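This report concerns only the one structure given below.
Here, each number is a calculation from the coordinates, and none is a lab measurement. Here the structure is a predicted model, which means the values were calculated and not measured. Heads up, the Cβs are rebuilt from the backbone with ideal geometry, glycines too, and the neighbour counts pull from every protein chain shown.
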Amino acid sequence: MKKTIAVIFLCLFVSGCSALSDRGIVLAPTPDIEKTIYWAVDDAVMAASTQLVYEMRKEISTLIPATSTPTSTYVVPIEQTATMTSIWQGQHKNEEPVITITPENCINRVKFVEDITIPDDSIVAAAKPFTKTWKLRNVGTCVWTDQYSFDFVDGDLMGANTSIPLPKDTMVLPNGTIDVSVYMTAPEKSGRYQGNWKFKTPWGTLFGTGENGEDSVWLKIIVR
């Protein structure tokens, strides 16, 4: 009796499903329980692994020190700085002291040493060119450089330039000597002639021989 009722109920259920299908009503299929279980397990594993990776990265970041921002400034180690400084001092220790012209603290004086050419009262032909050369000594405390000149003071110029710059790179230290040459031409008329000369400093002061540097260096010739 129970079996008969179950068969009848099943038939009615099937017939009802067919009728619903004929009317356009689609029944949802019964889900696959086995597949649903696998999907749930895979999703749980993925979530757990993602969380694990996050925790590992967080832990590692606390162990690695923060990277400092690179800088373009190079810091020389202390021992290298000391070495470089000692080399610099060694290079400069043996250098000659720099000599500067200080008009406030030095004295300019000249001493006549000798006539290299045309001694006093030399006879020179009229209108003849010649070169007068003196050897002179620096008996002051200044250094004579190419900024100094040898200038005509008074007397007979005899065709010379009024100012003769000392040669380039001249460096006459105190007690040093220099040969000073002036190109001249003897006058056309016979007679005795004399020209007086002094040095001139870069700041325009004339100086010569004597205790106070007031005497000139001269040239004396006889023209015939």
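Structural remarks
- Cα-based Lys proximity count in region 110-223, under 23 Å, for pairs eight or more positions apart or on separate chains: 22
- Gain upon complete extension [THR170, GLU211; 0.36 nm per residue less C-alpha separation]: 12.3 nm
- Stretchable slack from LYS220 to ASP146, in nm (0.36 nm times residue separation minus alpha-carbon distance): 24.0 nm
- When the Cα convex hull of region 176-224 is projected onto planes of every orientation, the mean area is 4.8 nm².
- Inter-label distance, nm, simple model (7 Å from Cα along the C-beta direction), ASN196/THR133: 2.7 nm
- Other residues with beta-carbon under 12 Å from the beta-carbon of GLY155 carry, at +1 per Lys or Arg and -1 per Asp or Glu, a net charge of +1.
- Residues listed by number, region 121-136, amide nitrogen under 14 Å from LYS189 label point at 7 Å toward C-beta: 127
- Net length gained if the chain between ASP179 and GLU114 were fully extended (0.36 nm per residue, minus Cα distance): 22.4 nm
- Derived from the Cα gyration tensor, the three semi-axes of the equivalent ellipsoid of region 110-223 are 25, 13, 13 Å, largest first.
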